[in-house]
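Undergrad: This is the structure I want to talk about, given as structure tokens.
Values quoted throughout were computed directly from the atomic coordinates according to the rules given, and no laboratory measurement underlies them. The structure displayed is predicted, hence computed values, not measured ones. Here Cβ is always computed from backbone atoms with ideal geometry, including for glycine, and neighbour counts include all displayed protein chains.
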Amino acid sequence: MRGALIVFEGTDRSGKSTQTRNFTNALQAAGIAVAEHSPWSFPHRTSPVGQVINAYLTNKTHLHERALHLLFSANRWEKASQIRQALRRGETVVLDRYAYSGIAYSVAKGLPLTWCKCADEGLPAPDVVVFLHLSPEAAAKRADYGSERYENKHMQTAVAKVFEQLRTEQWLVVDADADEATVLNRILDSAMPTVAKARSTPHIAS
Ligand code: T5A
Ligand code: NA
């Protein structure tokens, strides 16, 4: 059996890092092999490209918007073959953000949608996209909100609109405005059947 590629998306503070960790643990508890160090997060801040992105996000440097978009994409391409290899080895890969975030944040800042999509074309395609839905008001009440560049209501509302445009019928939309355990149960209920189906499908999409 191959691994499944599972992507978590959502606006800032919707609980992606918390739930990708919980979900990875739940997969392991169910006897499903997961890639080492899973979940893998984007931006992956410690790679050379990731360090430049991190400096931008924490307001330590300025970059042209288009350069920044390409760096976020390059940061995913740095990991693309590792993702494919893991899936082929039968390991499931859980991602905390992916190309949808790349497009949503750049388009929200005014870059053209078609241009933004190009840079990520050809990356391994997810089998499952779990979208954690949380209103900007509820997000603002969570710990540390506002410490990074995009954490303001105007930006988050714009990003949510682009995510809505990108959403397909295959996305699993989960209401993330509940306690951690309740949100995890919602995710497991909706994602587990799709994960099982993906693992029994030989083809890895791109
Ligand atoms: N970005 C990213 C782009 O512009 N382009 C790209 O291509 C990519 C990949 C950083 C920024 O980069 C942008 C998007 C972002 O603005 P990031 O590193 O993913 O991206 O951002 P982080 O700050 O690490 O993560 P988020 O702000 O998105 O938060 P999460 O991961 O959604 O939320 P999490 O799990 O860290 O939880 C936030 C807080 O809420 C608590 C947690 O304990 C934590 O304190 N919490 C809950 N509280 C109450 N109820 C619950 N159910 C809770 N679940 C978690
Ligand atoms: Na996060």
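Undergrad: Normalised by the residues of the stretch 1-129, what does the relative contact order come to in percent, with Cα pairs under 8 Å and at least six apart? Provide the component values of the computation, followed by the final result.
TA: Numbers: 173 pairs, mean separation 56.9, N = 129.
Here the relative contact order equals 44 percent.
Undergrad: Further, regarding this structure: Given charges of +1 on the Cβ of Lys and Arg and -1 on the Cβ of Asp and Glu, with all other atoms neutral, how large is the dipole of the stretch 148-192 about its Cα centre, in debye to the nearest 20?
TA: 260 debye
Undergrad: Continuing with this model, one more query. With a 10 Å radius around each residue's Cβ, average the other Cβ atoms per peptide and rank 169-179, 117-127, highest first. Show your work: numbers first, answer last.
TA: Values: 169-179: 15.0, 117-127: 17.0.
In decreasing order of mean packing, 169-179, 117-127 become 117-127, 169-179.
Undergrad: Let me spell out the model: positive unit charges on the Cβ of Lys and Arg, negative unit charges on the Cβ of Asp and Glu, origin at the Cα centre of the chain. What dipole size does that give, in debye rounded to 20?
TA: Here the chain has a charge dipole of around 460 debye.
Undergrad: Which value in Å does the Kirkwood hydrodynamic radius of the chain take, with 1/r averaged over all unlike C-alpha pairs and then inverted?
TA: Numbers: mean 1/r = 0.0577 Å⁻¹.
So the Kirkwood estimate lands at 17.3 Å.
Undergrad: Show me the GluC sites (Glu not before Pro) within the stretch 1-90 that DSSP assigns to loop and that have at most 14 other Cβ atoms within 10 Å of their Cβ.
TA: On the way: sites: GLU9, GLU36, GLU65, GLU78; in loops: GLU36.
Loop-located and lightly packed - GLU36.
Undergrad: Using a 10 Å cut-off around each Cβ, can you sort THR20, THR182 from fewest to most neighbouring Cβ atoms? If you can, show how the numbers build up before the last one.
TA: Working: THR20 24, THR182 12.
Lowest count first: THR182, THR20.
Undergrad: Could you name the aspartates and glutamates whose alpha carbon sits less than 17 Å from that of LYS161, not counting residues in the same chain fewer than 8 places away?
TA: Correct list for LYS161: GLU9, ASP12, GLU137, GLU151, GLU169, ASP175.
Undergrad: With n ≥ 4 as the cut-off for DSSP H runs, can you work out [θ] at 222 nm for the chain, using -39500 (n - 2.57) per run divided by the number of residues, rounded to the nearest 500? Don't skip to the end; give the middle numbers.
TA: Details: 8 runs with 103 residues, N = 206.
Helix-only estimate at 222 nm: -16000 deg cm²/dmol.
Undergrad: What is the distance in Å between the Cα centres of the stretch 145-199 and the stretch 38-75?
TA: Computed from Cα coordinates, the inter-centre distance equals 21 Å.
Undergrad: By count of other Cβ within 10 Å, fewest leading, how are HIS62, HIS44 ordered? Don't jump to the answer; show the numbers that get you there.
TA: Numbers: HIS62 8, HIS44 18.
Final ranking by Cβ density, sparse to dense: HIS62, HIS44.
Undergrad: Considering only DSSP states other than H, G, I, E and B, which trypsin sites (Lys or Arg not before Pro) in the stretch 1-73 qualify as loop sites with at most 16 other Cβ atoms within 10 Å?
TA: Listed in order of number, the matching sites are ARG45, LYS60.
Undergrad: Over all directions, average the projected area of the Cα convex hull of the stretch 123-206 and note it in nm².
TA: 6.9 nm²
Undergrad: In the chain, with Lys and Arg counted as +1 and Asp and Glu as -1 at Cβ, which of these residues, SER190, THR46, LEU57, has the Cα nearest the positive end of the dipole, that is, farthest along it?
TA: THR46
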